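The values are calculated or read from the model by the stated rules, or taken from the named source; none is laboratory data. Please read all numbers here as calculations on a predicted model, not as lab measurements. Neighbour counts are summed over all protein chains in view; Cβ atoms, including those assigned to glycine, are modelled from backbone coordinates with ideal geometry.
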Amino acid sequence: MTSGSITQWLTRLRAGDQEALDHLFPLIYDELKVVARSMLRREATGHTLGPTALVHEAYFRLADREKIEPENRHHLFAIAAQAMRRVLIDHARARKRFKRGAGHVAVPLDEVEAMMTEEAADELIAIDEALERLARIKPRPAQVVERRFFGGLSLEETATSLGVSLKTVQRDWLLARAWLRKEIDVELAETGS
């Protein structure tokens, strides 16, 4: 499909046509799977979610939203990447609850081995919590991290999607990475991971 048709569906989506998402998603599906693969590469091996499941879960979350207003294609990818991030975070939190015995359901051993490691769950939750703290004090650098790390956008694409200069994104990226590294190290030290 052409970029023009994507632009048309984006315009309809911004105007409040929720059915536009149903037409738009197939046009960008393959690209979203690339983003999902990239995100899952950062997860522990044997993660129970695959790229297809991650993209589908993100779609369901976006479809449940009352309104989605992506400014452009890059912004749409950032929104979808954020939804995928939320899926992974919820998955990690559920895994942590399971490890603490919530539900007390018998699970076959081969299924348990395929689950995310405790350390990987702790790391993902620490990243999410640190990113949320950063967003409260420095929103734009947090958006840069979401679009770069979770959305797979280049520095140039991130600058375009945020409507700022490349130099601004580069500064925000450096600041956010240093701040997050410090925060995550403290968080992991407190949890013993």
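The conditions of being assigned to a helix (DSSP H, G or I), under 28 Å from residue 122 (Cα atoms) and at pLDDT 85 or above are not met by residue 20. Criterion first (under 20 Å from residue 151 (Cβ atoms), β-branched (Val, Ile, Thr) and at pLDDT 85 or above) does residue 79 satisfy it? For residue 79, the condition - under 20 Å from residue 151 (Cβ atoms), β-branched (Val, Ile, Thr) and at pLDDT 85 or above - is met. Evaluating residue 149 against the criteria (1) at pLDDT 85 or above; (2) crowded, with 17+ Cβ neighbours inside 10 Å leaves one unmet condition, (1). State whether the residues of region 42-57 include one that is in a helix (DSSP H, G or I), surrounded by fewer than 20 Cβ atoms within 10 Å (Cβ to Cβ) and of a type in the set (Lys, Arg). Among the residues of region 42-57, not one is in a helix (DSSP H, G or I), surrounded by fewer than 20 Cβ atoms within 10 Å (Cβ to Cβ) and of a type in the set (Lys, Arg), which makes the answer no.
Go over the candidates 128, 122 one by one and state the one that is within 24 Å of residue 31 (Cα to Cα) and within 18 Å of the chain's Cα centre (by Cα). Break it down stepwise before answering.
Numbers: 122 fails: within 24 Å of residue 31 (Cα to Cα).
So the residue among 128, 122 that is within 24 Å of residue 31 (Cα to Cα) and within 18 Å of the chain's Cα centre (by Cα) is 128.
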